[in-house]
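The values are calculated or read from the model by the stated rules, or taken from the named source; none is laboratory data. Please read these numbers as outputs of a predicted model, since none were measured by experiment. In this analysis, Cβ positions are derived from the backbone assuming ideal geometry, glycine residues included, and neighbour counts consider all displayed protein chains. The area values use the complete protein model at the heavy-atom level, side chains included, leaving out ligands, DNA and RNA. Shrake-Rupley method; radii C 1.70, N 1.55, O 1.52, S 1.80 Å.
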Amino acid sequence: MVKHMLSLLDYSEKDIKHILDLSLKLKKGEINEDLKDKTLAMLFQKSSTRTRVSFEAGMTRLKGHSIFLDMSTTQLGRGETIGDTVGCLERYCDAIMARVNKHSDLETMIENAKVPIINGLSEKFHPCQTMADMLTVIEKKGKLEDLKVVFIGDCGFNMFNSTMIGFSKMWSNVVAVCPDKDGYRPEQELVDLARKHGKGTITIEHDPVKGIKDADVIHTDTWVSMGQEGADKRIKELQPYQLNSELLKHAKEDAIVMHCLPAHRGHEITNQVIDGSQSVVFDQAENRLHAQNGILLHLIKNL
Ligand code: CP
Ligand code: NVA
């Protein structure tokens, strides 16, 4: 059966651990597996720096090949359906990674493809980022279990969703710290689902100081994601949730600061914090490549 990666909901604790172990071994050069003669198609409907380059460079390292496709300049931009597009791509390529506006488009791709489909970000999930984030936490903290993982800011979008699902499956205790308002609060249905699948606790806190208290890991993301409207209002309403030095004092002294990037310095995070000694954002960015190479080998070669 073909495996895909649309979200981490379909992955067990054992699967996640297996892929993270594989990724870490690849990073350390302890295994010698490749994707020679394999091709990855990369479809993009939204901007990207890290996802595009880490997948492309990752495929080069694995001796495979990748093809970048801006969706608007393919025939999709002139009305060809997603189904027909993917039905052809799968005849040439061994896997398809896509960054889409609507998560449902990834589900349509699965229905039309017999090769793995990988979510390179949708409005609902960003699983490759969370795999890289978990790899980074393992490197920095030696474990994922029993850590207090705080996500502060916009807890109603892709990054929080994937952080909540992935980390809670691996026994971390996840805390959403956000305004008590629609558009920032986690989606209740997803929280229920994550709690059902997860091993760690998931709690929601609206007071930033209480929320961040004794945190081991603090994660944040842009206040205005791609596709979100009302930037001025969001920036104003999220201001009390800015990750700054004053707030960071309430976390554990050895807490690490994470951001999937791109950062909007001076909004969700200050220069002092993102450039400070607790920040691990560039290790996180590097780990996109290693985590994704683990995912690619797992999905394409069933490793
Ligand atoms: N973190 C991340 O996915 O970055 P890009 O949008 O640059 O790909
Ligand atoms: N939440 C952000 C993540 C960017 C990597 C967005 O969707 O724009």
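Checking GLU268 against (1) of a type outside the set (S, T, N, Q); (2) within 16 Å of ligand 1 (Cβ to nearest atom); (3) out of contact with any Leu (no Cβ under 8 Å at 6 or more places or on another chain), which test does it fail? Status for GLU268: all satisfied but (3). In segment 281-292, which residues are open to solvent by 10 Å² or more (accessible area, probe 1.4 Å) and either touching a residue at least 60 places away in the same chain (Cβ under 8 Å) or among the basic types (Lys, Arg) (or both)? Residues satisfying the conditions are ASP283, ALA285, LEU289, HIS290.
Return the residues of segment 183-200 that are aliphatic (A, V, I, L, M) and surrounded by fewer than 17 Cβ atoms within 10 Å (Cβ to Cβ); say none if nothing qualifies. Let's see the steps before the verdict.
Step one: of segment 183-200, the residues aliphatic (A, V, I, L, M) are 190-191, 193-194.
Across segment 183-200, the qualifying residue is only LEU193.
PHE160 meets all of the listed conditions (1) in contact with a His (Cβ under 7 Å, 6 or more places away or on another chain); (2) within 16 Å of ligand 1 (Cβ to nearest atom) but one, namely (1). For segment 251-281, filtering for residues that are closer than 22 Å to LYS210 by Cβ and either of a type in the set (A, V, I, L, M, F, W, C) or in a strand (DSSP E or B) (or both) leaves 8.
I'd like to know if segment 217-229 contains one or more residues that are loosely packed, with under 13 Cβ neighbours inside 10 Å and acidic (Asp, Glu). There is at least one residue in segment 217-229 that is loosely packed, with under 13 Cβ neighbours inside 10 Å and acidic (Asp, Glu). For the residues ILE117, ILE165, the requirement of being modelled with pLDDT of 95 or more, away from ligand 1 (no atom under 16 Å from the Cβ) and under 11 Å from the mean Cα position of the chain (by Cα) singles out ILE165.
Looking across segment 131-182, the residues that are open to solvent by 20 Å² or more (accessible area, probe 1.4 Å) and basic (Lys, Arg) come down to LYS140, LYS141, LYS143, LYS148, LYS181.
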